[in-house]
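Undergrad: Below is a structure I'd like to ask you about.
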Amino acid sequence: MAVQLFILRGVPEDEAEEIRALLAEQHIDYYETPAGSWGMSLPALWLTDETQLERAQGLLAQYQQQRLSQARSEFEALKAEGRQRSIIDLFREHPLRYLLYLVLVGVIAYFSISPFVTLGQ
């Protein structure tokens, strides 16, 4: 019976490709279910052989640990070089967008709170 190995919802395409390559390299039989046209189905990788689950989970854990350490080292390198983007950098790139977001948050907060403020009057 097939067993679910890895959910692909929200996973970057490069990570999904690396996982597929890892499973193929290790000769672990799997198949993939897509999210479907409406995105309602579960995009995932499934093992066809239940006995390979423990081995595949171990490989995935090792892969994810390597990916985490690589991402951390890239982040630290960018930070050391002063090239890591901050929230202020993002605001400087698109100031109108963030001002619009702040106005929308203010409008939503006003309409959410105003009934309670005027309730006692």
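Undergrad: Any residue in segment 11-25 that is on the phi > 0 side of the Ramachandran plot and surrounded by fewer than 12 Cβ atoms within 10 Å (Cβ to Cβ)? Can you show your working first?
TA: Let us first name the residues in segment 11-25 that are on the phi > 0 side of the Ramachandran plot, namely none.
Within segment 11-25, not a single residue is on the phi > 0 side of the Ramachandran plot and surrounded by fewer than 12 Cβ atoms within 10 Å (Cβ to Cβ).
Undergrad: To continue, here is another question. Which one is surrounded by the most Cβ atoms within 10 Å (Cβ to Cβ) among residues in segment 1-10 that are at pLDDT below 95 and over 20 Å from GLY39 (Cα atoms)?
TA: Only one residue tops the list, namely ALA2.
Undergrad: How about segment 11-46: which of its residues are in a loop (DSSP other than H, G, I, E, B), more than 19 Å from GLN66 (Cα to Cα) and either in contact with an Asp or Glu (Cβ under 6 Å, 6 or more places away or on another chain) or without any contact (Cβ under 8 Å) to a residue 24 or more places away in the chain (or both)?
TA: Step one: list which residues in segment 11-46 are in a loop (DSSP other than H, G, I, E, B), which gives 11-12, 26-29, 34-43.
This time we only want the ones that are more than 19 Å from GLN66 (Cα to Cα), so: 27-29, 34-43.
HIS27, ASP29, PRO34, GLY36, SER37, TRP38, GLY39, MET40, SER41, listed by residue number.
Undergrad: Regarding TRP38, is this residue of a type in the set (Phe, Trp, Tyr) and surrounded by fewer than 13 Cβ atoms within 10 Å (Cβ to Cβ)?
TA: On the way: of a type in the set (Phe, Trp, Tyr): yes; surrounded by fewer than 13 Cβ atoms within 10 Å (Cβ to Cβ): yes.
Yes: the conditions hold for TRP38.
The values are calculated or read from the model by the stated rules, or taken from the named source; none is laboratory data. Only a predicted model underlies this, so the values are computations on that prediction, with no experimental measurement involved. For neighbour counting, all protein chains shown are included, and Cβ atoms are generated from backbone atoms with ideal geometry for every residue, glycine included.
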